[in-house]
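Please treat every number below as a calculation from the coordinates, not as lab data. Bear in mind the structure is a predicted one, so any value in this text is a computation, not a measurement. Neighbour counts are summed over all protein chains in view; Cβ atoms, including those assigned to glycine, are modelled from backbone coordinates with ideal geometry.
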Amino acid sequence: MKSVLFFTFLTAVAKSAIIACIGLLVKDHFKTFLTLITRKAIPESEVESVNSEKFNNVLKWIGIAIIALGVCMTLTAFASFIAGIEMSSNRLKLNF
């Protein structure tokens, strides 16, 4: 049981790291993020037309929100890790 909870912890940490990396791509490298999604290069004229200050500010906050989601997922993953540490044996004993 402890090994299953440890594997759950590792999986959750990996997923949250991927989400945090996507947040960094959105926040700092929006053109790279668009190229990654569409799998073709975005022309400079299309990127420059939407390159206003408000749009960049909104993208920055969206990126920060996605990064915060990744951090919260990591903190949630520690619940399974702590539950695995506090188990006294490999069998789950339920005493009512």
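Within 10 Å of each residue's Cβ, count the other Cβ atoms and sort Phe81, Phe6, Phe30 from fewest upward.
Final ranking by Cβ density, sparse to dense: Phe6, Phe81, Phe30.
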- Task: Specify whether the C-alpha gyration tensor of the range 2-84 places it in the rounded, prolate or oblate class, a ≥ b ≥ c being the square roots of the eigenvalues: rounded for a/c under 1.5, otherwise prolate if a/b is larger than b/c and oblate if not.
- Result: oblate
